[in-house]
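What follows is one structure encoded as structure tokens, with my remarks underneath.
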Amino acid sequence: MFDISKLVASSIEASLAEWDAIGRQEFLDRHGLHGAFKYVIISDGKQYDAKAILVRAARRQVSDDSLEVGEFGTTEATVAEPIRKLGFTVRPKEQLVETSGDMFTELVLKLIEAWDAYRSGVRTSKIHPVHKLVVNDIPLVIESWTPGSENYKIMGSDGQGNILRTPWFAILNRDVTESATRGYYLVYLVSANLEKLVLALGFGATQFERQYGRTKKMFAALDIAVNNMRTNSQHLVKKSLDKTLSRNNAQPVELDNSKDFHLTSYEHCTIYSLVYEISNLPSESEMKNDYLEFLHLYNNMCDSLLLADVDSYVFELVDENELQTEVKLEDFEPLVFKKRKGKESSSRNSQSYRYTKKSDKVGKIGEEIVFEFEKKKLVQGGRDDLAQKVNLHRNDASNRTPGWDVSSFELTGEEIFIEVKSSEGQKISEVELTVNEWFQAKKNSENNKYKIYLVSDVFSYPRIKVINNPAKLVSQELLELNIARYQLLLGKREK
């Protein structure tokens with residue numbers, strides 16, 4: 001009986017190589033195996049019968065051709081999972097389509113041929129073969145090309161409700177983004193006339209659209225972001241690209257001349273690209289090699305400390321003088337989070353604590369919103385005398401870091417200390433406090449002077465929620481305080 005936990009990747013790889021050398025039918029006949037009933041391995045754009053490969057790999061590993069096929073079962077746990085754990089892509093057979101060789105090219109051509117007829121239906125259909133090509137079959141081939149595919153989100157889209165002008169296929173590095181609306185990523189795009197396939201590295205357009213709307217300013221912000229990214233990543237292009245270096249396009253890509261918003265956005269979003277004529281696509285191996293070089297460039301850009309945070313580009317053209325001045329005040333209610341499973345772990349990626357100009361800009365605007373809000377509150381309450389004394393400590397050279405951001409007053413004249421936490425998003429579920437901020441929160445827990453103002457949606461329609469006496473709420477177990485970081489002094493203090 002073979003111990004499946006002892007299976008090693010090299011045995012699978014050798015079996016795949018043998019399959020390639022002698023062909024599927026000869027492989028099955030020679031080793032007394034049968035074709036796949038349930039599971040298929042996807043590797044280098046080719047399909048292999050999973051159980052046949054598994055049995056051959058096990059026999060090879062222990063040099064025992066008498067191992068019976070029946071020993072290995074037929075379930076996902078006994079066939080698919082052992083192979084997946086070794087880093088291979090395994091999928092249920094019913095999810096796949098039959099191809100004769102170059103899977104990616106064949107599937108793309110099949111998609112292009114059927115696209116116009118599918119699109120005439122207006123609405124996406126989960127049961128339509130074209131939808132299956134877009135969201136399942138082609139992404140599976142791309143996944144099979146991708147080393148460490150578990151580190152990426154690989155997806156295809158034909159639209160959400162209404163069918164897009166053309167489909168796309170995105171490869172998202174999970175350290176940067178898991179949404180095609182944010183960050184930047186690799187994507188295969190199709191031109192409106194269905195004549196060009198473009199491998200592009202570019203920004204998600206939706207993050208710019210949300211900030212500026214479908215306006216000229218949105219496209220201007222995209223153009224600035226793309227040009228800055230190109231300028232700052234030239235050294236990575238030379239480091240990452242080899243055979244594709246001479247073909248790399250660092251100019252806007254042409255996808256459409258009918259002004260379709262989505263395709264026009266993709267044109268402005270593209271930082272680098274490779275353009276293929278669909279009528280003359282390269283071989284599968286060439287397509288894969290091109291993809292791997294661009295994936296290498298993408299990963300090097302993701303890892304670079306020299307490239308600005310993407311949100312810094314999104315907010316490049318935000319004019320602070322044009323921001324919404326009316327602020328909505330909302331009640332704060334402690335949230336209830338799902339019970340944690342297992343050990344405490346941080347969901348933040350490696351870039352969580354990297355300083356960005358965006359984060360400082362968001363914080364600065366949030367503080368100014370609160371500063372103006374407090375002054376207006378006091379003026380409307382008939383306390384002009386106190387309004388003149390409200391202090392924004394960022395601008396106070398003599399007292400910049402007292403442990404809060406704004407000193408203000410209640411209408412009764414009692415002083416209050418306001419720590420401001422801001423976000424460009426619409427929801428704030430946690431905040432970070434410095435040692436000094438938390439010290440002051442605890443110090444003022446008896447007098448109720450310390451407050452945290454949560455300012456959300458700072459660039460659009462700011463809303464403020466007030467947390468009164470956070471230290472007291474922690475002591476009442478209505479808020480939870482966790483240690484996010486430790487400071488290790490490399491020595492000891494003098495006594």
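Among the candidates Y453, Y461, single out the residue that is hydroxyl-bearing (S, T, Y), assigned to a strand (DSSP E or B) and touching a strand residue (DSSP E or B) at 6+ places or on another chain (Cβ under 9 Å).
Only one candidate qualifies: Y453.
Check I42, I53, I12 and return the single one that is closer than 26 Å to L133 by Cβ and either part of a helix (DSSP H, G or I) or modelled with pLDDT of 90 or more (or both). Steps first, answer last, please.
Numbers: I42 fails: either part of a helix (DSSP H, G or I) or modelled with pLDDT of 90 or more (or both); I12 fails: closer than 26 Å to L133 by Cβ.
Every option except I53 fails the conditions.
Among the numbered criteria (1) surrounded by fewer than 22 Cβ atoms within 10 Å (Cβ to Cβ); (2) more than 16 Å from N299 (Cα to Cα); (3) touching a Pro at 6+ places or on another chain (Cβ under 9 Å); (4) not basic (K, R), which single criterion is violated by Q160? Condition (3) is where Q160 drops out. The residues listed here are S423, S407, S429; of these, the one that is within 16 Å of I467 (Cα to Cα), in contact (Cβ under 8 Å) with a residue 12 or more places away in the chain and surrounded by fewer than 12 Cβ atoms within 10 Å (Cβ to Cβ) is S429.
Return the residues of region 229-244 that are under 23 Å from H262 (Cβ atoms) and not aliphatic (A, V, I, L, M); say none if nothing qualifies. Steps first, please.
Applying the first criterion (under 23 Å from H262 (Cβ atoms)) to region 229-244 yields 229-230.
The one that is under 23 Å from H262 (Cβ atoms) and not aliphatic (A, V, I, L, M): R230.
In the list N399, N469, which residue meets the criterion of being touching a strand residue (DSSP E or B) at 6+ places or on another chain (Cβ under 9 Å) and free of Cβ contacts under 8 Å to residues at least 24 places away in the same chain?
N399
Tallying residues that are exposed (fewer than 14 other Cβ atoms within 10 Å of the Cβ) and of a type outside the set (S, T, Y) within region 275-285 yields 2. Scoring F459 on the criteria (1) under 36 Å from the mean Cα position of the chain (by Cα); (2) buried (at least 18 other Cβ atoms within 10 Å of the Cβ); (3) closer than 21 Å to P334 by Cβ leaves a single failure, condition (3). Against the conditions (1) acidic (D, E); (2) within 31 Å of the chain's Cα centre (by Cα); (3) over 16 Å from G363 (Cβ atoms), E424 satisfies every one except (3).
The values are calculated or read from the model by the stated rules, or taken from the named source; none is laboratory data. None of these values were measured; they are calculated from a predicted model. With ideal geometry, Cβ positions are generated from the backbone for all residues, glycine too; neighbour counts draw on all protein chains shown.
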